[in-house]
Amino acid sequence: MTDERYRVQSLGRALDLLDRIADSGQAGARLTDLARDIGLSKPAAYAILATLRARGVVTDIGEGMTRRYRLGLSLLRLGDLAVANTGLADVALPVLRDLTQEIGMTSRVAMMDDGFAVVIGRVDAPGAIRFDAALGRREKPHCSGVGKVLLAAMPRPAALSLLERVGYPARTPKSLTSIAALSDDLDRIAARHYAIDDEEDHEGIICVAAGVFGRGGQTLGAISVTTLKQLLPLEQVPTIAEPLVRHADLISRALGGPSAQEAWALRPLTEARL
């Protein structure tokens, strides 16, 4: 984690504004709401937004009281460069296409960034159903499939310390919100080699995730599949987990890593389940 002494407050607030604007979607966000959410005066928020607008990071629509701010197109270039510089996405996406074609579900690849699971690639399933899984979105690790499998692969003290730092609030009534329950779930993940988000992040949505490993068994990221809970009852999850782990192993092998079975076996009890 970055030393607090070197953090620039105004830059942090600018990034907070971008997060709020991103959450607002196509409708955009009003200056008044943004200033309130970040805890800034309207003049201070406006000054930051004007700077971001001048660089193409945000854009505005409307005039006066109807003006709203949306993300700017310059972020597309930065996003493309970030993904292009991540070898994991390059290797994973062709495999995810095969996985989605085989099981007919939306698939994603993610990695851990500063305590959050961040999606860096996605392949949508055929059909009308589209899930809200924007690239670059920071997901709480305790309630997402990719986040939970990444936590389970960490040394347990490090995983619990991370949870305490980023928090583990209830996203839905099924979210796990105690260290004891989360620790037990991480044990189950380590034993079966995949994680389940059973409506813990979004009601009505289920995700299954498996780890991707590099040389020496280090965890590089995770892949997942997502569908409506009504289409995948818990008793059918193992039938989806098998091809999921198989495709995760293909990615791991391409990156010079071991299979899931080998990688999880490398984690002694004192490391993964302390």
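Read the figures in this text as sums done on the coordinates, not as results from a lab. Quick caveat, the model's predicted, so the values are computed rather than measured. Reconstructed Cβ throughout: ideal geometry from the backbone, glycine too, with neighbour counts over all protein chains shown.
Extension gain, SER178-ASP114: 0.36 nm per intervening residue step, less the Cα-Cα distance, totals 20.9 nm. Contact order, relative form, for the chain: 14 percent (alpha carbon pairs under 8 Å, 6 or more residues apart, mean separation divided by residue count). With the simple model of a label 7 Å out from the Cα in the direction of the Cβ, ASP23 to ARG53 spans 2.2 nm. Mean sequence separation of contacting Cα pairs (under 8 Å, at least six apart), scaled by the length of the stretch 109-245, corresponds to a relative contact order of 23 percent. Rounded if a/c is under 1.5, else prolate if a/b is larger than b/c, else oblate: which is the stretch 14-56, with a ≥ b ≥ c the root eigenvalues of its Cα gyration tensor? Oblate.
Size descriptor for the stretch 178-274, Kirkwood hydrodynamic radius: 14.0 Å (Cα pairs only, one decimal).
For PHE116, nonlocal amide neighbours, meaning residues 5 or more places apart or on other chains whose placed amide H falls under 5 Å from its own, do not occur. Extension gain for the segment THR32 to ARG165, taken as residue separation times 0.36 nm less the Cα-Cα distance, is 44.9 nm to one decimal.
Each Lys or Arg adds one and each Asp or Glu takes one away; over the other residues whose Cβ falls under 11 Å from the Cβ of LEU234, this sums to -2. Helix 9-24 and the long axis of the chain differ in direction by around 80°, with both axes built from C-alpha atoms.
A viscosity of 1.567 mPa s and a temperature of 4 °C, combined with the Kirkwood radius over Cα pairs in Stokes-Einstein, give a translational diffusion coefficient for the chain of 65 µm²/s. The distance linking the stretch 215-263 with the stretch 196-212 is 13 Å (Cα centroid to Cα centroid, whole angstrom).
Pairs of lysines in the chain whose Cα atoms sit within less than 29 Å of one another amount to 6, provided the residues are eight or more positions apart or on different chains.
Scanning residues 5 or more positions from GLY121 or on other chains, those with amide H under 5 Å from its amide H are VAL109, with H placed 1.01 Å from N in the peptide plane. Highest GNM mean-square fluctuation among LEU93, LEU75, LEU176, for the chain modelled with Cα contacts below 10 Å: LEU75. Considering helices alone, the calculated mean residue ellipticity of the chain at 222 nm is -14000 deg cm²/dmol, with DSSP H runs of length four and up weighted by -39500 (n - 2.57) and normalised per residue. Using alpha carbons only, how many degrees (0 to 90, rounded to 10) separate the axis of helix 87-103 from the longest principal axis of the chain? Result, in degrees: 70. Cα centroid separation, the stretch 172-186 to the stretch 8-30: 30 Å.
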